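**Q** Structure incoming, see below.
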Amino acid sequence: NQGRIYDLVMDMLTFSTDRQPALQLASVNDTVRDVCEMTQELAQEADVDLLFDEGPEIPATRFDPEGIHRAVLNLVNNAIEAVEDRPDARVNVTTGIDDEAGRIVVEVQDNGPGIDPELLPRLFQLFESTKGARGTGLGLAVSRKIIAEHGGEIQVENRPGAGCRFRMTWPLEANVEEANTEASG
């Protein structure tokens with residue numbers, strides 16, 4: 001419960017303030033691995049296979065590790081909840097680089113029911129949740145804001161009945177000032 005309260009408060013603070021990401025040289029693989037290790041117990045309790053496919057040879061880059069951790073954590077938690085109570089429930093998390101575009105890539109894919117196509121246009125709206133009392137409607141909005149602060153974006157590939165994939169990308173060397181101008185405008 002303390003963890004849930006902390007997550008809620010951090011999501012509210014992240015969304016409610018204009019902030020500059022605290023850029024530092026860090027490893028995307030280390031950050032995402034930490035999220036997967038942290039959520040492994042939750043996945044096991046829900047009878048979900050949580051797999052991390054670490055991208056090879058991703059150099060250390062400048063990004064906000066705490067912010068990216070928060071964005072990935074929201075997506076992984078959502079994916080675990082989406083596949084609960086399904087046979088062969090699985091969440092795959094992958095990291096990599098799109099060399100052609102010069103972008104970091106983090107994907108979270110599940111084999112759940114997918115997203116109702118009518119909900120897709122409102123997916124990243126604040127306080128939009130399909131979880132009833134279990135959800136706040138902050139997670140996806142916060143993740144999108146954090147990625148936008150890094151000059152990136154989140155794309156959703158929806159496969160109704162077969163799950164969905166969230167793909168976060170941001171430049172290898174984020175231009176934070178430019179990203180913040182776009183995110184607030």
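Readers should treat all values here as calculations from the given coordinates under stated rules, not as data from a laboratory. Keep in mind it's a predicted model, so treat the numbers as computed, not measured. Positions of Cβ are backbone-derived with ideal geometry, glycine not excepted, and every protein chain shown enters the neighbour counts.
**Q** Report the local net charge at VAL108: Lys and Arg +1, Asp and Glu -1, summed over other residues whose C-beta lies under 13 Å from its C-beta.
**A** The answer is -2.
**Q** Applying the Karplus parametrisation 6.51 cos²θ - 1.76 cosθ + 1.60 with θ = phi - 60° to the phi angles of the range 52-62, what ³J(HN,Hα) value in whole Hz is obtained for each residue in order, glycine and proline being reported as x?
**A** 10, 9, 6, x, x, 6, 8, x, 4, 10, 8
**Q** Something else about it: Given a Förster distance of 45 angstrom, what is the FRET efficiency for GLU153 paired with GLN40, based on the Cβ-Cβ distance and rounded to 0.05?
**A** On the way: r = 28 Å, r/R0 = 0.62.
The calculated FRET efficiency here is 0.95.
**Q** A further question follows. Taking amide H positions as placed 1.01 Å from N in the peptide plane, with prolines and chain starts having none, which residues 5 or more places from VAL91, or on another chain, fall under 5 Å of its amide H?
**A** ASP49, LEU50, LEU51
**Q** Hey, another quick one. What's the ranking of 145-154, 94-103, 67-76, 158-167 by average number of surrounding C-beta atoms within 10 Å, highest first?
**A** Details: 145-154: 21.8, 94-103: 14.4, 67-76: 23.9, 158-167: 16.5.
Ranked by mean Cβ neighbours within 10 Å, highest first: 67-76, 145-154, 158-167, 94-103.
**Q** Another question about this same structure. Please compute the net charge surrounding PHE63, taking Lys and Arg as +1 and Asp and Glu as -1 over other residues with Cβ under 11 Å from its Cβ.
**A** With Lys, Arg at +1 and Asp, Glu at -1, the neighbours total -3.
**Q** For the range 143-159, what does the Karplus curve 6.51 cos²θ - 1.76 cosθ + 1.60, with θ = phi - 60°, yield as ³J(HN,Hα) per residue in whole Hz, taken in order and with x for Gly and Pro?
**A** Using θ = phi - 60°, the values come out as 4, 4, 5, 4, 5, 4, 4, 8, x, x, 8, 10, 10, 10, 10, 9, 10 Hz.
**Q** Spin-label point model (7 Å from Cα, Cβ direction): what's the ASP47 to ALA60 distance in nm?
**A** 4.3 nm
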